[in-house]
Amino acid sequence: KADIAMYRAKEGGRDGFRFFGVEMDESIARRRELDADLRIALETGEGLYVAYQPKLSSRGNRIVGLEALVRWTHPRHGPLAPDAFIPVAEESGLIDQLGEWVLREACRVARKWPGLSVAVNVSPVQFRGTDMALRIHKIVYEAGVSPRQIELEVTEGILVEDDEEVRGAIQHLRAAGFRIALDDFGTGYSSLSYLKKFTVDRIKIDKSFVKRLGQEPEAIAIVQAVIALGHAMALSVTAEGVETSEQERLLQTAGCNELQGFLFAPALLEAELAEWLERPFQPRIADGGAKARSA
Ligand code: C2E
Ligand code: MG
Ligand code: MG
Ligand code: MG
């Protein structure tokens, strides 16, 4: 009962109460079901896996790193997008366990390919735990991987909270050698002051801006400005969601450092990745196929 009241308060938005009918009850039931099933999946390891999307240097299109992206095939509902279950795990607190599992998997892959950096997404909720930085450090240390090979992707949201502990955790991680990337840059409360307060290593331009490249003339100006800003602050800049050669060309011209997107490869299973990396020239996987496979 208390749970339901909590959901109501949350889903009802800032000014409180909203009436929920059958649909809302269904959504609560579904969240509970997903959470319980995810708990089991984490215990058994069944249906959960990590896919890896290559990141390329914008000059020469050499592969420089991978982004670890969690995947879950639900026993009854089939493959679910992270957006369908990450928020559920965040709400229940299961995200700590899920995040650590993804990091362990990513470390295993990092050991396999010592020349590639591996990026892992860290939820803002994980930063609420007091010893988050230590736990991350310990997992990577125990896996026998150098923190230098691991990049942690965080969203702008955690910077806005102006939290002493979050700042401390990021500082600790950077001091230990981890690289920090600001994910989905431009979608949150981007502000120069946050960038100044928190030292990060990289910004990742959100795919919504990349998508507009070649569609709206102003998009080029925005992307150029973000790249110039990043470089002025000695940050490396990655563009995500690169789908067309035109976007690639515009981003290269603007001086973007790294490119990631379906134009090059979707998130790949470990076996597919091995195959992809072994080819003398990394061929581009056709857009259509890539979309279908990463869905
Ligand atoms: P993100 O970290 O911004 O990851 C990039 C997303 O863009 C991925 O979606 C990726 O598959 C997709 N993407 C890559 N290239 C293209 C492209 O060319 N076009 C389009 N349209 N999309 C592209 P995915 O895997 O569905 O993940 C969605 C979000 O879920 C991620 O966004 C991230 O915020 C979250 N997520 C994924 N794995 C994890 C995880 O292990 N932990 C946490 N906390 N969050 C995760
Ligand atoms: Mg990311
Ligand atoms: Mg992103
Ligand atoms: Mg995201």
message: Taking each pair of distinct Cα atoms in region 139-233 once, what is the resulting Kirkwood hydrodynamic radius in Å?
response: 14.5
query: How large is ³J(HN,Hα), in whole Hz, for each residue of region 133-140 in order, when computed from phi with the Karplus curve 6.51 cos²θ - 1.76 cosθ + 1.60 and θ = phi - 60°, using x for Gly and Pro?
result: 4, 4, 5, 4, 4, 5, 4, 5
task: Show me 96-104, 169-177 ranked by packing, highest mean number of other Cβ atoms within 10 Å first.
output: 96-104, 169-177
- prompt: Rounded, prolate or oblate: which fits region 75-176 when a ≥ b ≥ c are the square roots of the eigenvalues of the alpha-carbon gyration tensor, with rounded for a/c under 1.5 and prolate only if a/b beats b/c?
  reply: oblate
message: For a quick check: with amide H placed at 1.01 Å from N, whose amide H comes under 5 Å from Leu66's, ignoring anything fewer than 5 positions away on the same chain?
response: Lys55, Ser117, Val118, Ala119
query: Based on the inverse mean of 1/r over its pairs of different Cα atoms, what is the Kirkwood hydrodynamic radius of region 131-172, in Å?
result: 11.3
field: In Hz, Karplus ³J(HN,Hα) per residue of region 251-268 (6.51, -1.76, 1.60; θ = phi - 60°; x = Gly, Pro)
entry: 5, 4, 4, 6, x, 4, 7, 9, 10, 9, x, 4, 4, 9, 5, x, 5, 10
- prompt: Under a no-solvent Debye model with one identical scatterer per Cα of region 19-104, what's log10 I(q)/I(0) at q = 0.18, 0.19, 0.24 Å⁻¹?
  reply: -0.80, -0.86, -1.17
query: Once amide H atoms are built 1.01 Å from N in the peptide plane, which residues 5 or more positions from Thr155, or in another chain, come under 5 Å H to H?
result: Asp183
message: Report D for region 184-245 in µm² per second (integer): Stokes-Einstein, Kirkwood Rh on Cα pairs, 25 °C, 0.890 mPa s.
response: 204
- request: Work out from phi, with θ = phi - 60° and the Karplus expression 6.51 cos²θ - 1.76 cosθ + 1.60, the ³J(HN,Hα) of each residue of region 90-100, listed in order in whole Hz, and give x for Gly and Pro.
  value: 5, 5, 8, x, 5, 4, 4, 5, 5, x, 5
field: Trp113 long-range amide H proximity, modeled H, under 5 Å
entry: none
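Every number in this text was worked out from the coordinates using simple rules, so none of it is lab data. Just so we're clear, the structure is a prediction, and the values are computed from it rather than from any experiment. Neighbour counts are summed over all protein chains in view; Cβ atoms, including those assigned to glycine, are modelled from backbone coordinates with ideal geometry.
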